[in-house]
Structures are given as structure tokens and as C-alpha cells.
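Participant: Take this structure, written in C-alpha cells, and hold onto it; I'll ask about it next.
The values are calculated or read from the model by the stated rules, or taken from the named source; none is laboratory data. Bear in mind that the values here come from a model prediction, so they are computed numbers and not experimental data. All accessible areas refer to the heavy atoms of the entire protein, side chains included, with ligands and DNA or RNA removed. Shrake-Rupley method; radii C 1.70, N 1.55, O 1.52, S 1.80 Å.
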Amino acid sequence: MSTTPPDATLTCTDALLNSSTAGTYARTVHRVVDDVAARLAAVDQPWSGASNAELTALVGTVDLDAPGIGADDALRETAALYATHAVWFHDPAYAAHLNCPVAIPAVGAEAMLAAINTSVDTYDQSTVATLMERRLIDWTNERIGFAAGDGVFTSGGTQSNLHALLAARERALTGPDGTRLTGVARHGLQDRLRILATGSSHFSVAKSAMLLGLSDDAVVAVGVDADGRMDPDALAEALATTERAGDVVMAVVATAGTTDRGCLDPIGAIADLCDATDAWLHVDAAYGGGLLVSRARRHLLEGIERARSVTVDFHKTFFQPVSASAVLVREPADLDRTAWHADYLNPASEDGPADVEVNQVDRSLQTTRRFDALKLWATLRAVGADGIGEMVDAVCDLAAAVHADLAGDHELRLVGRTDLSTVLFRYQPDGVTDAQADALVARVRRVLFDSGRASVAKTVLDGRPCLKLTLLNPDVTLDDVRRVLGLVRGAAHGLLAGQALADEHEPPCRDVHPHLDRYDTAEAAR
């Protein structure tokens, strides 16, 4: 039998954070922070531009079954791989998706909550953390206008929308006596439930319908106006058509900030129709939720207080690190319908004051759940709600300035309008056909992304591809955006010139030596 002692790195608990390793923790985290700070200061483009093949090779060469190399070396190696090739959302040339630079107080809170590792599913695992999250839920409800609402933090807009629609489904499947329908009655009604939303609503609405076991045609598309906003007349018709078909409107989803256009549906007019038909109104304000703290644009959310449920993503327009979202409901009983009982988490009776010690697992789809609310708490205390609102207005003002800047542009053509901070456009100067402009969209985006110099998004609007800027950095200036658009122009010019050369004549090396007459394949075929 071997007498070789086992590798200490395989069994040693020195890597765990506790009272005896507090000093190691401090030194380790300080080194990481110093390294990240140096990288932040040196960033000059959104990302490295390394190819997928190069990154795949780098990731694949790491032997995850090898003996441990120690915390310092492991973190240096990790930084060389991850931080070197990460996408930096704070760089002015990043303008692709709904990613924001993050508030420094929130980053500090992130370090705090990661080290303490609170789980806010039950009070006995979280104590004050539960109370702080409940206070932030109350604060958000007050901003919405829910006088006695409820809610819970979630991992993001997709989960928030799913939870809201689950609550709507359970309300629809509740009998006249207030009890939950079961058996044939439940399944028969569930097949007839419908969700009314526009084609611009977030994909998570349709995905939620699938997860909730609704029929394949459960999501009914409601017509929109020229700017992509839900048309109240079209909604009225959809409500009537659904009833005439013998189906039941489970929920109407209004979007406060569509992903592509950044437009807000007319919430007040939609609420009028929902009130008249007793339809559940869910407002997906994942993007536009930051308007809750905007002094200049809060009126765009007029009517949101009449919704039955609301989604807010704090990791978008509240400038929080991922993840931080919440689902809010006007009536606390709506979340009660989605609760699940487990003796070890939320027992029916307690020796202590159960009415005081709130177990939030009753409200959440998750069990173990990070204390993400701490980040928003720290940010609000550091810069104030008005400070966040000023940053929201700054990115919206920037988008308006870019729209004005491009209004008469003969190369970059605006596509649509926005209420928030997106810019949709196509490169199509005179003489460039629709088909050529269509093809340029993906190619321009790819050229810029592969170079690492800039990151813009692409999407399809009314059947036509276009480029998209999503402006969520309050520090970015109009000149910064102009530089990105200059890169778009340069890439498009180069791609068009290359295509023109290719179309002008076929390169002779394809079928003949360059010093010999071209071999005429058509003539030879005769």
C-alpha cells in the first residue's frame, strides 16, 4: 500500500472564508480589486477582439482536474483568461444591449454580500437582510403607486415576468368560492387562457406561456401604432374577439420600454380597458422602470399604478450589477396563490412570532436566493433616488441628441422613434438598394465586433434588419457616439468597396494563370 501522503490542496480547508482566514481574504480580494481597477483604467475598446477559436483554445487548455495551484496563482490565471477577454460595458464604444456600467456603491455591496453569503429565503438565514429587502419592495411599490403592494427580488426580467404570469394564471384558475380549481375543471379552463401582448413584448412572455402549460396559441398578438406601441383600439378588439371565441383573457401585457424601440405602451388607456373587462394588467417595465425615479420623464409611466403586477429590472436603468430585478403586485393575495409549503422552510406554525419573521420563500419562485437588494440599498443611500433619476435622464437625453444628429444624415437612416435610450438605423446612402443595406447590417456588426473596436447590436424591425445602439452609459457624450457611428460608416464603406471590386470582374486566378488569357468556360462548353 502506498505511503505517499495525499496532496494537501485536495483536502485543505484553508481556502474557506472564516475567522482564521480573514487576513487571507483581505489580501486576496485587495489583489483582485487592484488588478480589475488597473484594467478598468486601461480599457480603450469594449473587448479584446479575440476569435471564438482562440478563446475556445484558451479555455480548453485549462486542466480542471489538475492539482490545485493556490488562490493567488488561480486568480491570476483566471484574470488572464476572463478579465483580459471580458466585454467592458463602461467603454463608450459599447452600445449593443441593455447592459449598463454599474454604481460603485453597488459593487462594494456585492463584495459584502458575496463574502457573508446570506440567503434570503427564510428569516433565520437572513434576519436584517429580509427586512432590508422588504423595505426596498415597499419603496418600489410606493414609487409605482401601489398603496399596499407586495413583491420579491428575482434574477431578472424573465423570471419576474414568469412569476407575474403565474400569479395571473392562478387567479384565472380560482373558482367563484375563492378555492383553486382542480381536475377537469382546471385543465379545461387552462386550455382556454389567453395572454394579449404586442409583437414587441419581451420573448419571455411567450416562453412563460409555454412553461405555464398554456396552449400553443395562448399568446395573442395585439396591433400596434406606427411607433410600435400597443393600439388601444386593437386591444379592445382583441378582448372582444377572445370573449366571443369562448376563451378567457388571463393577462394583458403592456411593455414600458420595448427592447428594440425603447417605446412605452399607453398604460393608462390599456388600464381603462383592463378595468372594464376585469383583465389582469401586467406592465413589463424591465427597461423603463428607471423612469420611476426620473423627474423629467416619470409621466411616461402614467397609469402604472393601475396594473395588477409590474416587472422592474434594477440591473438596467438603476445601474446595478447583474442580477437585480423585482416583481411587484398591487394585491398581496396574488402572491399568496403561488406560495408552496415546506415544513423545514415555511412551517404553518412557529413557537416564535411567525407574523413578524417573514419567510420570503413564500413569495419567491427560488429557494436559495442572493441578497441582491443590498446593492440597490447601498446605491440609493450613496447617490439618492434623484441621483439615479438624473442618470436615467442623461441616457435618454443622449438618445434624443443622437436622433437629432442623424435626422438629416444621407448615409445613416433612422428607423423609428424612441421614448428611452435606443437608436435604430440603417446604412443606406442614395444608390444602395434595400437588399444591399439589408446585407450590410450583419456584416457591419460582425466587422466591428470581431475587431473589438465597437459593439453595436442588430435586430429586425417590420421585417427589415437594422443596427441598434442601446445607450445606457450616462458618461457617454454625443461625440463618443459619433465616433462609434464613424466606425459604422467606415466598415460599411469598406464592405461596399470590397463588394464592388468583387462584382467588377472575377479574379483571374480562379481559372487561369494571371499572365495567360482568361479561359472562357462558356465558350469551351459550346
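Participant: Pop out the carbon and sulfur fraction of the accessible area of segment 362-492 as a percent, whole number, probe 1.4 Å.
Facilitator: Roughly 50 percent of what the probe reaches on segment 362-492 is carbon or sulfur.
Participant: Amide H of residue 248 versus every other amide H placed in the peptide plane: which residues, excluding those fewer than 5 positions away on the same chain, fall under 5 Å?
Facilitator: Long-range HN contacts for residue 248: 193, 194.
Participant: Related question: Taking Kirkwood radius over Cα pairs in Å straight from the coordinates, which label in (i) 26.4; (ii) 31.0; (iii) 24.0 is the correct one?
Facilitator: Here Kirkwood radius over Cα pairs in Å agrees with entry (i).
Participant: On a straight-distance basis, which lysines could pair with residue 458 in a cross-link, Cα separation under 17 angstrom, same-chain partners fewer than 8 positions away excluded?
Facilitator: Answer for residue 458, where 17 Å is the Cα cut-off: 468, listed by chain and number.
Participant: May I pose another question? Output ³J(HN,Hα) for segment 244-253: one whole-Hz value per residue in order, computed from phi by the Karplus curve 6.51 cos²θ - 1.76 cosθ + 1.60 with θ = phi - 60°, and x for Gly and Pro.
Facilitator: 4, 6, x, 9, 10, 6, 6, 6, 10, 10
Participant: Ok, one more. Ignoring everything but the protein chains, give the 1.4 Å probe accessible area of residue 30 in square angstrom, nearest 10.
Facilitator: Estimated to the nearest 10 Å², residue 30 gives 110 Å².
Participant: Run the helix sum for the chain: -39,500 (n - 2.57) per DSSP H stretch of 4+ residues, divided by residue count, reported at 222 nm to the nearest 500 deg cm²/dmol.
Facilitator: Here the helix-only value at 222 nm equals -13500 deg cm²/dmol.
Participant: Please work out the C-alpha center-to-center distance from segment 435-489 to segment 85-104 and express it in whole Å.
Facilitator: Each part reduced to its Cα centre gives a spacing of 15 Å.
Participant: I need the phi-derived Karplus couplings for segment 438-444: 6.51 cos²θ - 1.76 cosθ + 1.60, θ = phi - 60°, integer Hz, Gly and Pro marked x.
Facilitator: 4, 5, 5, 4, 5, 6, 5
Participant: Please list, in chain and number order, the residues 5+ apart from residue 454 or on another chain whose amide H is under 5 Å from its amide H, with Hs placed from the backbone.
Facilitator: none
Participant: Among the aspartates and glutamates, which have Cα under 13 Å from the Cα of residue 207 when same-chain residues fewer than 8 positions away are ignored?
Facilitator: 216, 217
Participant: Normalised by the residues of the chain, what does the relative contact order come to in percent, with Cα pairs under 8 Å and at least six apart?
Facilitator: 19
Participant: Each residue of segment 124-134 in turn: what ³J(HN,Hα) in whole Hz from Karplus with 6.51, -1.76, 1.60 and θ = phi - 60°, glycine and Pro shown as x?
Facilitator: Running phi through 6.51 cos²θ - 1.76 cosθ + 1.60 with θ = phi - 60° gives 6, 9, 9, 6, 5, 4, 4, 5, 5, 5, 4 Hz.
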